[in-house]
Amino acid sequence: MPFGSENVVFMPNDVVMQRTKLLINREMTAKRRDKSYEECMGVGMTPAQREVFLIVDEWWKQKGFGPSIRDICELRGKGGMGNTSEIIGRLVRLGVLKKVKGGVRRVRPVYIQFRYLE
């Protein structure tokens, strides 16, 4: 049989439509408010996390853009970038830093607001 000469009929399955009640958790749908500097400092951070947070904060205040992981390592006096990267990840999960998608210098404190940064 040549290709396409078969008579194939697609029959849709019986679809049962049911009414479901949709419950919305208003706390989850509310716009998340970023923390202020004081709220960020009040979060329980380890000394290493606080050191990285303060480095990122001061870098933004002085230069207007985020530091690279290598810059943070040099300012901390540490050689390995893996541990610093993990600390940044923990700070993002704590909600005191944000990572902007793409780029090298993508870390910033959450209280710094830019219109097209995210």
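Tabulated values for the structure
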{"item": "Pairs with Cβ under 7 Å, 6+ apart, first in segment 54-74 and within 12 Å of Leu97 (Cβ to Cβ), second aromatic (Phe, Trp, Tyr)", "result": "Gly66/Trp59; Gly66/Trp60; Pro67/Trp59"}
{"item": "Of residues in segment 96-113 being out of contact with any Lys or Arg (no Cβ under 9 Å at 6 or more places or on another chain) and within 15 Å of Asp57 (Cβ to Cβ), the one surrounded by the fewest Cβ atoms within 10 Å (Cβ to Cβ)", "result": "Gln113"}
{"item": "Residues being part of a helix (DSSP H, G or I), more than 12 Å from Arg108 (Cα to Cα) and basic (Lys, Arg) - total across segment 35-62", "result": "1"}
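A short reminder: the numbers here are calculations on the coordinates, not readings from a lab. None of these values were measured; they are calculated from a predicted model. Please note: Cβ atoms are built from the backbone with ideal geometry, for glycine as well, and neighbour counts cover all protein chains shown.
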